[in-house]
Amino acid sequence: MTLLGVEHLCVRFGGLTALEDVCLAVDEGEIVAVIGPNGAGKTTLFAAISGFSRPTAGRIRFAGRDVTGLPPHRLCAMGLVRTFQVTRPFADLTVRENIAVGVHLRHRSPRRARALAEGVAERVRLADRLDQPAAALTVAGRKRLELARALATEPRLLLLDEVLAGLNPAEVAEMEPVVRDIRASGVTILLVEHVLQAVMRLSDRVLVLVGGRLAATGTPAEIVRDPAVIEAYLGEGADRLVTAESPRARGA
Amino acid sequence: MNPAQGERAALVFLVLAAPLPWLVDSGTLVHFGIMVFQAATLGQAWNILGGMGGQFSFGHAAFFGAGAYTTAILQLRFGVDAWSGFFAAILAGAVVALVIGLASFRFGLRGSYFALVTLAFAEVLRILANTLEITGAGVGLLLPLAPGLERLQFADRRGYYLLALFLCAASLLVARAVAGSRLGARLVAVRENEEAASALGVDPFAVKMRAILLSGAMAASVGAFYVQYFLYLDPHIAFGPQVSVEALLGPIVGGPGTVAGPLAGAFLLQLLGEASRALAGGATGANLVVYGIVLILIVRFLPGGLAGLARARAERAGAGS
Amino acid sequence: MVDPSIVAASALHGLATGAVYALVALGLSLVYGVLHIVNFAHGSLLMLALYGVYFLHERLGLDPYLALPVLLPVAGLAGYALHRWVIAPAGGARDENVLLVTLGLALVLENLALVAFRSDTRTIETAYSFSMVALGPALLPLPKLVALLGSLVATLVLWAIVQKTDLGRAIRAVAREREAARLVGIDTRHAFALAFAIGTASSAVAACLLLPSYYVSPQVGHGFVLIAFTIVVLGGMGSFWGAFWGGLLIGVVESLGGLFLGESLGQIGIFAIFIAVLLFRPTGLLGRPL
């Protein structure tokens, strides 16, 4: 079943076109990745889907409803939540209090919110830092906190904006199972990513955005073999990617 | 001292302060107490919006003055009793808050812009009060002296002392309830990062509106108290910038966003104010010079206020053991 | 019906006042455009400058216009020092902190003046205080005319400093790209403090032009700072010509509003404009950065 549908989405800023006629669909239970060079419009796409900017034209459907132009908090209440590429912790609060803000969406009682925050922290392996101030976290810790707060809202669809960027290979390797576990718990994931190898391993399908348009879609295995994609985006680094395993390729 | 201990300490302080005028016979002490409780309540009102919610108002005089004029006008011109006037004043504060909140938060005004708009609203009200006949224009309003509990006037100043203390305690309990609730968590989230909060399902507009309504109503109750105590009101007293400054000074000094901060700040500032007035031979303005210096020093060296200092000490002590 | 010549005279008065407002607002706008801070102490600095002019006249018999060469460097230095050693260190990263520090500064300056000079309203009398100049159908007091022309000249000088000098270029560079400016070797703290100094100095000019037809009291800055904020917001925060035209407009609105609605309500017009602009067009009417 289609959870998220983006139909003919256009976003323009003044005379500048950031997104042009983008159509995509994400099915329930999938992990879908959006890749593309800098300035391709990935972050703009996320902002439009999550209600942070209003599209110039086009429709966004979520769980069968037209949600175009709804503000972020309404979308969040419906089960569509995003994280930010540049993490935005509530710096003055502890990790637990940060997560509790997300829990509060579905639970009014502060005591319950603080208790439930513990379980969420465990899911992203942050349980040992629950009562530290968020400002004291490392980059990797902040990425996990971003993820935890979003999870705490009990979403159906999670938009992850470069949740792996800025992490070292060891940290990326630690984060991958976290993302897989989230999907396994029934949350659909749409992610924008720069760390391509991890994307190829994680995602069921990959969308390539170039110059504000969708250049290709397919399984990771298909994408790395698509000459147009290699030409437009992957360029010289493509050989490295072709060797990268994707879950589908492995399964096949 | 952690925040919860601070709250308890503030409540204990109020309980202990209650019988004080009956133990020590001093008019100065009673007046000083009234000034502290009044400033602390006004500061607590500001604190809910500015300290917890991060929306810095420079115009809390708008609420204070609206409350003061509402009860004064109702009593003088419409023969309404002082108690009803008092509650009407609180309502008026909420109404003014509704207008200012709708106007500024609907349009997403933040930071300096919000501060300027609140300031401008207070000025508009001051000019209106200075012009209109019903407010007594520049001459102001004088309430007849008629002591009696049913008229909310006391022949014995200690009655006002208890009333002010009650208001202060009530504001403290309200703030504590807010801080411990979902609304409080959301307010702080909006203060820390509005976009991140909205991504997590928090409606910043709704949260800020609740805070300003509460804040406005609370500040208006202080205005109504002022009228009962001094029985005189003019546009400058009600809507002048010194009220707005007093509202934000206490919480900033005591610890913005903490429940005990406004009371601690108000106490320290009144003490400093009295001392500086005494040193300057009673010259008007001397206390405000000191307030200004304290404000600059606090922002520079102690952004968490007194509460931040207490917390840092507790952490050091905790680390040492 | 109001006599058209009265309206014309009132508008002319408003224009003269507005030109001074514009000058005060330009200082505020420059500081906002470069430093992105809202300076609450701007009015208090103007008040101090007015006292400077007053005492130079009363004690030394110095003509208010001739006080300019004395006051200008003093105001500039004071502004530089205030920013570099009080506002910048205390302000830190948060918008609100700067607001609080300049508010604290305003409290200190204003109430020091109150303690030192009492709340008396003071005026000075010069040989030309009551000379009138006929301009078409309207009569304008000579000091007002001087204020009008002087403000226009000062505005042009200020514009030339910002646009045509190395100093101005450095300040604009810092305003636009803080990091890049640092990389090419501009001392940003110095540049910021200089911008603040220029802002303060323009208030000193305004003070010299203002006093012969105005008064000074500890609270005189209040009215000015709110009006200057209105102008800066109206013209677009940080916009040079926006502040200039905004100043003239506000001067005329205030004057005509006073004529038709009475002094007090005329002022409400200003705040109504202020609130409306902030709500509906926060980038101002000519909202373009410096």
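In the frame of its principal axes, region C:9-144 has Cα extents of 53, 34, 27 Å, reported largest first. Derived from the Cα gyration tensor, the three semi-axes of the equivalent ellipsoid of region B:24-145 are 27, 21, 13 Å, largest first.
The Kirkwood radius of region A:6-46, taken over pairs of alpha-carbon atoms, gives through the Stokes-Einstein law at 10 °C and 1.306 mPa s a diffusion coefficient of 139 µm² s⁻¹.
Counting only lysines at least 8 places from A:K143 when in the same chain, those with an alpha carbon closer than 19 Å to its own are A:K42. The amide H of A:L209, built 1.01 Å from its N in the peptide plane, has A:I35, A:G36, A:A215 as neighbours under 5 Å, considering only residues 5 or more places off or on other chains. For B:R77 and C:L265, a Förster radius of 22 Å and the Cβ-Cβ distance give a FRET efficiency of 0.55, rounded to the nearest 0.05. The three principal axes of the C-alpha atoms in region C:4-280 carry coordinate ranges of 58, 47, 35 Å, sorted with the longest axis first. Entry note, chain A: relative contact order of 23 percent, from Cα contacts under 8 Å with a spacing of 6+ residues. Put a dot 7 Å past the Cα of C:I6, heading toward its Cβ, do the same for A:A184, and the two dots end up 8.7 nm apart.
Based solely on its DSSP helices, what 222 nm [θ] is calculated for chain C when runs of n ≥ 4 H residues each add -39,500 (n - 2.57) and the sum is averaged over all residues, nearest 500 deg cm²/dmol? It lands at -24500 deg cm²/dmol. Taken along its three principal axes, the alpha carbon spread of region C:114-221 comes to 55, 43, 18 Å, from the longest extent down to the shortest.
Multiplying each eigenvalue of the alpha-carbon gyration tensor of the protein assembly as shown by 5 and taking the square root yields semi-axes of 52, 36, 24 Å, largest first, rounded to whole angstroms. The charge dipole of region C:4-280, taken about the Cα centre with unit charges on the Cβ atoms of Lys, Arg (+1) and Asp, Glu (-1), comes to about 500 debye, rounded to the nearest 20. Computed 3J(HN,Hα) for region B:288-299, one whole-Hz value per residue from the Karplus formula 6.51 cos²θ - 1.76 cosθ + 1.60 where θ = phi - 60°, is 6, 4, 5, 4, x, 5, 4, 4, 5, 5, 5, 4, glycine and proline marked x.
Only DSSP H runs of four or more residues enter the estimate; each adds -39500 (n - 2.57), and after division by the residues of chain A the mean residue ellipticity at 222 nm equals -10000 deg cm²/dmol. Its alpha carbons give region B:100-176 an Rg and a Dmax of 18.4, 48 Å. Based on C-alpha pairs under 8 angstrom that are at least 6 apart in sequence, chain C has a relative contact order of 37 percent.
A dipole drawn for chain A from +1 and -1 charges on Cβ atoms has a positive end, and of A:L9, A:T94, A:V187 the residue lying farthest that way is A:T94. Based on the convex hull around the alpha carbon atoms, region B:208-249 presents an average projected area of 3.2 nm². Note that region C:191-256 carries a Kirkwood radius of 13.0 Å, evaluated over its alpha carbons pair by pair. The antiparallel fraction among DSSP beta bridges confined to the protein assembly as shown stands at about 65%. The per residue volume of the convex hull around the alpha-carbon atoms of region B:216-289 is 107 Å³.
Inter-label distance, A:D128 to C:V157: 6.7 nm, where each label sits 7 Å from its Cα along the C-beta direction. Each 5 Å bin, from zero up to the one with the longest distance, holds this percent of the alpha carbon pairs of chain A: 1, 6, 14, 18, 19, 17, 13, 8, 4, 1, 0, 0.
Think of it as helices only: each DSSP H run of n ≥ 4 in chain B is worth -39500 (n - 2.57), and spread over all residues that comes to -25000 deg cm²/dmol at 222 nm.
Contact order for chain B, expressed relative to its length and based on alpha carbon pairs under 8 Å spaced 6+ residues apart, stands at 33 percent.
Along the axis of the charge dipole computed for the protein assembly as shown (Cβ charges of +1 for Lys and Arg, -1 for Asp and Glu, origin at the Cα centre), the listed residues C:A134, C:P218, B:A170 are led at the positive end by B:A170. Taking the Cα atoms of chain B, the ratio Rg/Rh between the radius of gyration and the Kirkwood radius comes to 0.97. Provide the FRET efficiency to the nearest 0.05 for the A:C10-A:N168 pair, computing r from the beta carbons and using R0 = 35 Å. So the FRET efficiency works out to roughly 0.40.
No lab work stands behind these numbers, since they all come straight from the coordinates. Remember, predicted model here, so these are calculated numbers, not experimental data. We place every Cβ from the backbone using ideal geometry, glycine too, and count neighbours over all the protein chains shown.
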